[in-house]
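Beneath this line is the structure, given in structure tokens, with notes to follow.
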Amino acid sequence: SEIRRSSLKLLSSDVIETLSPIFVEDPHVLSEELRSRMSFANIENCMCFPLFFQDSLVAVAGVGNRKAGFRQDDLNSVQPVLELIGQTLGVFQVESEKRAKTDELEEAKQYFELAVEGTGLGIWDWYLTDNSVKFDQRWAEMLGLDIDEIEMELATWESRVHPDDLAQ
């Protein structure tokens, strides 16, 4: 129900703010608004805790209405499971972000390829880290050659640059 969600949202915000578990044994120690919401939602006691992945908060989880209430020992006993859940959620989050970045990169690559194809440009790359070069088929065709006839060396490119341009 909406009341239960809003009660849990208030408790979760405290966990997010403190990055620490919260134990509510006595709703009377809470704000009147939260106490009222918990009472209406039939929440008598609860334990809310943060879930982490690589020191980053990924979720907040909680349990409620245990007859004996909740204590630190309860949290300690489920801590390994909570850590595993946090790790799992974190991995899903990382993989989801990777997938989104991969999709963005693929879309950018498609736009680039369309632009190059549409304009008839030839492409060459100079990798400064190892001084290697790469030329594409269109670049070779612009010189009246086939890509197999071109050596993938910086000297190949430099030999085709006007001497006045090299001096700059």
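The values are calculated or read from the model by the stated rules, or taken from the named source; none is laboratory data. Note that this is a predicted model, so its numbers are computed, not measured. Accessible surface areas use protein heavy atoms only, side chains included; no ligands, DNA or RNA. Shrake-Rupley method; radii C 1.70, N 1.55, O 1.52, S 1.80 Å.
What list of ³J(HN,Hα) values in whole Hz, one per residue of the range 140-157 in order, does the Karplus curve 6.51 cos²θ - 1.76 cosθ + 1.60 (θ = phi - 60°) give from phi, with Gly and Pro shown as x?
Coupling constants for the range 140-157: 5, 4, 5, 9, x, 10, 9, 4, 5, 8, 9, 7, 7, 9, 4, 4, 4, 6 Hz.
Across the range 57-74, in residue order, what do the Karplus-derived ³J(HN,Hα) couplings come to in whole Hz, using 6.51 cos²θ - 1.76 cosθ + 1.60 with θ = phi - 60° and x for Gly and Pro?
5, 10, 6, 10, 10, x, 9, x, 6, 8, 4, 7, x, 10, 9, 4, 4, 5
If you plug each phi of the range 126-138 into the Karplus form 6.51 cos²θ - 1.76 cosθ + 1.60 with θ = phi - 60°, what whole-Hz ³J(HN,Hα) values come out, in order, with x for Gly and Pro?
10, 8, 5, 5, 10, 6, 8, 9, 9, 10, 9, 4, 4
Can you give me the convex hull volume of the Cα atoms of the range 75-159, divided per residue and expressed in Å³?
138 Å³
For Phe49, Phe23, what's the largest-to-smallest order of accessible area, 1.4 Å probe?
Most to least solvent-accessible, the answer reads Phe23, Phe49.
Long-range amide H contacts for Phe53: which residues qualify at under 5 Å (H placed 1.01 Å from N, peptide plane, sequence gap of 5 or more or a different chain)?
Close amide H contacts, sequence-distant or interchain: Val58.
Roll a 1.4 Å probe over the protein heavy atoms and report the accessible area of Thr102 in Å², nearest 10.
Only protein atoms counted, so the area is about 90 Å².
Amide H to amide H, which residues 5 or more places from Glu44 or on other chains are under 5 Å from it, using H placed in the peptide plane?
HN-HN under 5 Å from Glu44: Asn65.
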